[in-house]
Amino acid sequence: MANIYYLQLTRECNQNCRFCSNPSNGSVISAGKAGAMIRSYAGLGASGIVFTGGEPTLHKNLPDFISYAKTLKMEPRIVTNGQRTASLEYLTELRRAGLALMHVSIHSHVAALQDHLSRTKGSMRRIHKTLKNAGRLGIEVNVNTVINRYNSGHLHLAARRLCAKYPFISHFVYNNMDPGMERVVEFPDTIPSLSGFEASLAAAMRFLDGSGRTFRVERVPLCFMAEYAHCSTETRKIVKKENRLTYFLDEKELIAQDDWGYDKGRRCRACRLDKICAGLYKKDVYYKSEELCPMFSDPDEIAAKITDQ
């Protein structure tokens, strides 16, 4: 069981995404508090730590935090929007500190749409520089994509284009949008429907699987995961009995999550996968339970795929 824990370093950001789940509140963690949290995670046996934000590269001590995590035998990662890491000099500093894996948030291969969603002119241009820098420095790259109404029809095209241009990209993470956050309330046009992204997500997963890459999908019920139920983040957590710790720079502070269930619809009662499916996030508030349908796959076979990996 490999638990990877999360630590927000700052809630400042150099983008202003339309679906941001952790918008700016002016908070920045102190070096002392960050060190204490890193030690705490190591004491709990974490195999890795993910530095997040806001935008973690805006914290002046990020290289020190990366190096400290390495000394405590935890593999450090960052989740970044790829703006500051467009500087080869800066990314080299992170590499020397011990960064070997970075998650880059990319929501479309179409530059104009990436810029629109991030509300940042030149966002995609700088992301391309980041990816080139990572390839040059030998840093493993995962792509994080928030599924939204604007990219829901071309998730597969983005995966193909990015992998063709940067074959070292090894893993994709698809997060169905959390519509409950305050930024989304400002931009309800970004909320997707399950049926709106189903075909494109399936095509993206089949392409990635066929090319030997891996992927995970969060907040998507198993009836919309095609043949890849074993790649659902929540299902994997349920089967492996894993937890997640996240330190937030707001009133939540340290949150331990070991319950991976959302709400279930009436049709879920007939589904063989009910016990390993998280259900529907924000059911009948933003996502419609009438879109759900029972599945009749063998849950034990899915669980076996997860435990055998």
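The values are calculated or read from the model by the stated rules, or taken from the named source; none is laboratory data. Owing to the predicted nature of the structure, the values given are computational and were not obtained by experimental measurement. FYI the Cβ positions are ideal-geometry reconstructions off the backbone, even for glycines, and counts take in every protein chain you see.
Looking only at residues in region 19-55 that are outside any loop (DSSP other than H, G, I, E, B) and free of Cβ contacts under 8 Å to residues at least 12 places away in the same chain, the one that is farthest from the chain's Cα centre (by Cα) is Gly32.
Of all residues being small (Gly, Ala, Ser), out of contact with any helix residue (DSSP H, G or I) (no Cβ under 7 Å at 6 or more places or on another chain) and outside any strand (DSSP E or B) in region 145-172, which is surrounded by the most Cβ atoms within 10 Å (Cβ to Cβ)? Just the residue, please. That would be Ala158.
The residue that is farthest from the chain's Cα centre (by Cα), among those in region 258-309 that are surrounded by 14 or more Cβ atoms within 10 Å (Cβ to Cβ), among the basic types (Lys, Arg) and assigned to a helix (DSSP H, G or I), is Arg267.
This table checks each residue for (1) closer than 30 Å to Val239 by Cα; (2) not acidic (Asp, Glu).
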position: Glu12; (1), (2): no, no
position: Ser24; (1), (2): no, yes
position: Ser40; (1), (2): yes, yes
position: Gly48; (1), (2): yes, yes
position: Thr52; (1), (2): yes, yes
position: Leu58; (1), (2): no, yes
position: Ala97; (1), (2): no, yes
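Looking at this structure, is Tyr287 under 30 Å from Leu9 (Cβ atoms) and in contact (Cβ under 8 Å) with a residue 12 or more places away in the chain? Judged against the criteria, Tyr287 is not a match.
Of all residues in region 1-14, how many are touching a strand residue (DSSP E or B) at 6+ places or on another chain (Cβ under 9 Å), part of a loop (DSSP other than H, G, I, E, B) and surrounded by fewer than 20 Cβ atoms within 10 Å (Cβ to Cβ)? Residues in region 1-14 being touching a strand residue (DSSP E or B) at 6+ places or on another chain (Cβ under 9 Å), part of a loop (DSSP other than H, G, I, E, B) and surrounded by fewer than 20 Cβ atoms within 10 Å (Cβ to Cβ): 3 in total.
When region 49-70 is filtered for residues that are small (Gly, Ala, Ser) and closer than 21 Å to Ser123 by Cα, the ones remaining, listed by number, are Gly53, Gly54.
Table: residues versus (1) modelled with pLDDT of 95 or more; (2) out of contact with any strand residue (DSSP E or B) (no Cβ under 6 Å at 6 or more places or on another chain); (3) aliphatic (A, V, I, L, M).
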position: Ile38; (1), (2), (3): yes, yes, yes
position: Gly45; (1), (2), (3): no, yes, no
position: His59; (1), (2), (3): yes, no, no
position: Ile66; (1), (2), (3): yes, no, yes
position: Thr71; (1), (2), (3): yes, yes, no
position: Pro76; (1), (2), (3): yes, no, no
